[in-house]
Amino acid sequence: MFSSPDALLNNISLLPGIGPERQAFYVRLMGERIVDVLWHIPTNVQSRRLLQSFTPQHADCLVTFEAKILGHAPSRRYGKPYRISAINQDGQIVELLFFRARAPYLNKIAKTDDTVVVSGKLTFRKFLGADHWQFVHPDFIGPIAQLNDWTGNERIYPLTAGVNQGMVRSVIKTTLGRLPPIPEWLDDNFLKQKNWSSWPQALYEIHHAQTLANLEITHPAKQRLVYDELLAHQLSLLLTHRQTVNLPAVSLKPPGTLTKTLIDQLPFQLTPCQLQACQEISADLQQDHQSLRLLQGDVGSGKTIVALLAALQAIESGYQATLLVPTDILARQHYHTLQRLTEPLNIVIAILTGREKGKLRKQILADLESGKINILIGTHAVIQDPVTFHQLGLAIIDEQHRFGVKQRLALSSKGLNPHILSMTATPIPRTLMLANYGDMDVSTLHQKPPGRQTITTRVLSINRLEEVLDGLKRKITDQEKVYWVCPLVEESETLDLTAAIERASFLSALFPGQVALVHGRLKSQEKESAMEQFTQGPANILVATTVIEVGIDVPTATIMVIEHAERFGLAQLHQLRGRVGRGTNPSSCLLLYGQPLSPIARKRLAAIRDSNDGFVIAEADLKLRGGGEILGIRQSGLPKFRLFDLNDNPDEPMEEYNDLFAMANKEAKQILTNDPQLQSERGQALQLLLRLFKHEQALQYRRSG
């Protein structure tokens with residue numbers, strides 16, 4: 001037995017049977033700590049039958065049998081198998097085949113005339129009219145005393161090179177057998193209510209699962225372990241981000257004349273969702289501590305006008321607002337949109353990106369520091385040290401998932417803890433919302449403003465390119481504009497994808513003078529020039545990479561062609577599709593795919609074809625790709641879970657995970673309200689939970705209530 005629960009945090013090398021030669025394999029597969037062995041849970045359960053005789057129905061099944069070794073036939077030519085002949089209890093001859101065999105080892109474990117246990121996958125074939133039974137590289141050959149160990153149900157674990165199932169099972173069995181007493185970090189009444197066992201017992205049940213159903217989220221043992229991980233994550237999230245909660249901030253005045261003037265002159269009415277979001281944000285801004293809110297909405301749901309109304313509340317209170325965006329193109333799109341909307345309001349809006357240099361940049365910085373500029377729109381340039389605001393009251397972050405906590409804290413340092421409003425046009429599934437934004441208040445825009453067109457989506461093979469081009473000719477004749485999106489900038493020697501540059505050249509030959517090209521490698525001035533050609537003329541086709549994914553608003557664009565759509569994620573496809581349907585004409589999105597399509601790609605394209613609802617699509621994307629890719633998670637820092645992983649079984653019910661996440665979020669808040677230092681007996685156990693899941697760094701943010 002381990003000396004204490006903290007021993008579970010020791011290096012895996014301390015476990016017996018893990019020598020220096022194989023330690024790297026185990027670390028790569030499971031992790032470097034002993035507890036990581038316990039988190040390595042099985043993904044399947046399969047039955048291994050004990051048989052005395054074989055029939056063709058047993059072919060390709062896992063079986064175990066007693067075998068008397070008849071003799072060895074070493075391979076005489078390179079590439080041929082080493083053969084061992086054996087006989088089962090019913091007198092059937094069986095061949096055991098080994099490629100690249102080590103003869104001394106095989107002679108040791110399977111001596112001629114010995115009776116042994118053989119277990120593995122049985123294969124059957126007929127040759128010259130006779131039945132032939134074979135095992136190619138059987139899983140086990142060993143003493144007859146181990147017969148019972150290789151029958152019945154067995155767990156199947158993920159593997160890596162250098163580690164087999166037997167090795168994984170052995171190290172897990174050793175670790176489970178040495179568990180010390182573990183203090184309970186969950187409430188006793190809660191455990192009884194959920195019918196959950198203790199943490200050690202739940203681990204034992206998972207690692208001794210008898211059926212696949214025992215490994216699913218509907219089983220109490222799996223629920224218990226997943227909940228532990230989610231609770232540890234939520235505690236860590238709240239502890240880490242709590243340093244930004246209740247920080248003193250300016251209390252802004254309620255909306256006034258500027259807000260009323262803007263709403264009165266809008267050519268449309270705000271939707272009920274927009275009005276609700278405005279009320280929630282306005283209440284935040286009137287608090288005397290820093291507010292933190294996420295505004296999420298589908299493509300075209302009207303987030304920009306909601307953000308502008310919040311900025312006007314700051315301006316009327318004598319403060320400035322800033323809008324941080326990820327790209328130069330998006331910054332300029334917002335700049336032109338806000339300039340147009342605020343024209344009658346007599347406020348000053350400026351833009352600051354890497355393009356503003358020399359005297360112009362100096363003038364912008366001076367006007368910002370003096371307070372002359374009311375709203376500053378910019379990229380990462382906004383959070384650089386030389387940028388000083390006169391009085392920053394509100395910081396708005398567009399496309400929140402492109403920025404991390406560091407950027408958010410950097411914005412906070414630009415004023416007296418300005419209120420922060422984050423926005424995302426990629427609807428976030430409830431699961432991921434709780435995973436990364438558990439500390440934020442959330443406003444959601446479910447509705448779209450009146451007049452937004454429904455977009456028809458079609459999925460077509462790239463082989464029908466000529467048909468697509470004929471359709472484009474008709475649209476361009478009617479003065480409608482077309483986006484054509486490619487996944488690469490230039491031709492790739494490794495990927496058989498049409499590049500944006502090559503496609504632009506091809507289309508220019510068909511539509512002379514009507515094609516513009518935009519991609520990430522162009523200089524800012526070149527991008528702006530290409531966009532101007534498209535929006536103002538003469539170009540009617542814009543060939544682009546995903547640089548146009550967000551923020552581009554061209555009402556006359558009615559066709560979106562996405563080439564090799566199978567290479568894009570669902571959320572990205574939905575974002576791209578949202579670039580059309582912004583005017584009065586019906587719009588279409590054509591998803592061109594290359595062959596062959598994988599099953600996942602086929603499901604992805606079907607999902608985007610069948611729905612225009614970004615929230616439905618986001619849930620589908622999470623199910624198809626898991627939490628590791630949606631929203632650009634890899635670069636934005638969303639968590640990687642050990643036990644909560646939809647990639648393991650995308651058919652598991654999402655609601656079960658959502659409910660566990662919601663419970664964990666609620667309980668974590670309650671725990672930190674009652675015991676902010678985690679000093680109680682249960683708090684001490686929760687500290688262990690945080691350490692077990694590698695959240696010990698969050699413990700430094702404990703503080704008195």
**Message:** Residues that are modelled with pLDDT of 95 or more and acidic (Asp, Glu): does the range 252-269 have at least one?
**Reply:** no
**Asked** Residue check: is LEU522 assigned to a loop (DSSP other than H, G, I, E, B), more than 19 Å from LEU576 (Cα to Cα), modelled with pLDDT under 85 and of a type in the set (A, V, I, L, M)?
**Response** yes
**Request:** Test each condition in (1) loosely packed, with under 15 Cβ neighbours inside 10 Å; (2) at pLDDT below 90; (3) not acidic (Asp, Glu) for ALA73 and report the one that comes out false.
**Result:** (2)
**Message:** Take the conditions among the charged types (D, E, K, R), under 30 Å from LEU285 (Cα atoms) and open to solvent by 20 Å² or more (accessible area, probe 1.4 Å) and apply them to LYS194. Does it pass?
**Reply:** no
**Item:** Single unsatisfied condition, LEU275 versus (1) more than 29 Å from THR444 (Cβ to Cβ); (2) open to solvent by 40 Å² or more (accessible area, probe 1.4 Å); (3) hydrophobic (A, V, I, L, M, F, W, C); (4) without any contact (Cβ under 8 Å) to a residue 24 or more places away in the chain
**Value:** (1)
**Message:** For LEU270, only one of the following conditions fails: (1) open to solvent by less than 10 Å² (accessible area, probe 1.4 Å); (2) in contact with a Cys (Cβ under 8 Å, 6 or more places away or on another chain). What is its number?
**Reply:** (1)
**Request:** Could you run through the range 493-508 and say how many residues are polar (S, T, N, Q) and either more than 16 Å from LEU542 (Cβ to Cβ) or at pLDDT below 90 (or both)?
**Result:** 2
**Item:** Subset of the range 110-125 that is among the β-branched types (Val, Ile, Thr) and part of a strand (DSSP E or B) - its residue that is surrounded by the most Cβ atoms within 10 Å (Cβ to Cβ)
**Value:** VAL118
**Message:** Condition first: of a type in the set (Phe, Trp, Tyr) and touching a strand residue (DSSP E or B) at 6+ places or on another chain (Cβ under 7 Å). Now tell me which residues in the range 65-104 satisfy that.
**Reply:** PHE65, TYR82, PHE98
**Asked** So how many residues does the range 659-705 have that are in contact (Cβ under 8 Å) with a residue 60 or more places away in the chain and over 25 Å from ILE34 (Cβ atoms)?
**Response** 13
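Return yes when ARG49 is in contact with a helix residue (DSSP H, G or I) (Cβ under 8 Å, 6 or more places away or on another chain) and either closer than 15 Å to VAL163 by Cα or open to solvent by 40 Å² or more (accessible area, probe 1.4 Å) (or both) and no when it is not.
yes
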**Request:** Only residues that are buried (at least 17 other Cβ atoms within 10 Å of the Cβ), modelled with pLDDT under 85 and not in a strand (DSSP E or B): list them for the range 454-492, please.
**Result:** PRO487, VAL489
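Which residue is modelled with the highest pLDDT, if the candidates are limited to the range 326-346 and must be farther than 15 Å from ILE396 by Cβ and in a loop (DSSP other than H, G, I, E, B)?
ASN346
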**Request:** Please go through the range 541-556 and pick out each residue that is open to solvent by 20 Å² or more (accessible area, probe 1.4 Å) and modelled with pLDDT of 75 or more.
**Result:** THR546, PRO555, THR556
**Message:** Condition check: open to solvent by 10 Å² or more (accessible area, probe 1.4 Å) and part of a strand (DSSP E or B). Does ILE377 satisfy that?
**Reply:** no
**Request:** Among the residues of the range 336-353, count how many are within 24 Å of PRO418 (Cα to Cα) and open to solvent by 50 Å² or more (accessible area, probe 1.4 Å).
**Result:** 3
**Prompt:** Regarding LEU186, is this residue open to solvent by 20 Å² or more (accessible area, probe 1.4 Å) and either of a type in the set (Ser, Thr, Tyr) or part of a loop (DSSP other than H, G, I, E, B) (or both)?
**Reply:** no
**Fill in**
Over the range 308-326, the set of residues of a type outside the set (S, T, N, Q) and touching a strand residue (DSSP E or B) at 6+ places or on another chain (Cβ under 9 Å) is LEU308, ALA310, ALA311, LEU312, ALA314, ILE315, GLY318, TYR319, ALA321, LEU323, LEU324, VAL325
**Message:** Among the listed residues LEU309, LEU294, LEU323, LEU270, identify the single one that is of a type in the set (A, V, I, L, M, F, W, C), out of contact with any Lys or Arg (no Cβ under 9 Å at 6 or more places or on another chain) and part of a helix (DSSP H, G or I).
**Reply:** LEU309
**Asked** Restricting attention to the range 7-27, does a residue exist that is among the basic types (Lys, Arg), surrounded by 13 or more Cβ atoms within 10 Å (Cβ to Cβ), more than 26 Å from GLN146 (Cα to Cα) and within 34 Å of the chain's Cα centre (by Cα)?
**Response** no
**Asked** So which residues in the range 16-38 are of a type in the set (A, V, I, L, M) and over 18 Å from ARG642 (Cβ atoms), if there are any at all?
**Response** ILE18, ALA24
**Prompt:** Taking the range 672-687 as the region of interest, how many residues are open to solvent by less than 10 Å² (accessible area, probe 1.4 Å) and in a helix (DSSP H, G or I)?
**Reply:** 3
**Complete:** Counting only residues in the range 571-625 that are in a loop (DSSP other than H, G, I, E, B) and without any contact (Cβ under 8 Å) to a residue 40 or more places away in the chain, the one most open to solvent (accessible area, probe 1.4 Å) is identified as PRO596
**Asked** Would you call THR211 touching a strand residue (DSSP E or B) at 6+ places or on another chain (Cβ under 7 Å) and modelled with pLDDT under 95?
**Response** yes
**Request:** Run down LEU295, LEU262, LEU247, LEU309 and say which single residue is touching a residue at least 40 places away in the same chain (Cβ under 8 Å), surrounded by fewer than 18 Cβ atoms within 10 Å (Cβ to Cβ) and of a type in the set (A, V, I, L, M, F, W, C).
**Result:** LEU247
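The values are calculated or read from the model by the stated rules, or taken from the named source; none is laboratory data. This is a predicted model, so every value here is computed, not measured. Here Cβ is always computed from backbone atoms with ideal geometry, including for glycine, and neighbour counts include all displayed protein chains. Each accessible area value is taken on the protein alone, full model and side chains, heavy atoms only, with ligands, DNA and RNA left out. Shrake-Rupley method; radii C 1.70, N 1.55, O 1.52, S 1.80 Å.
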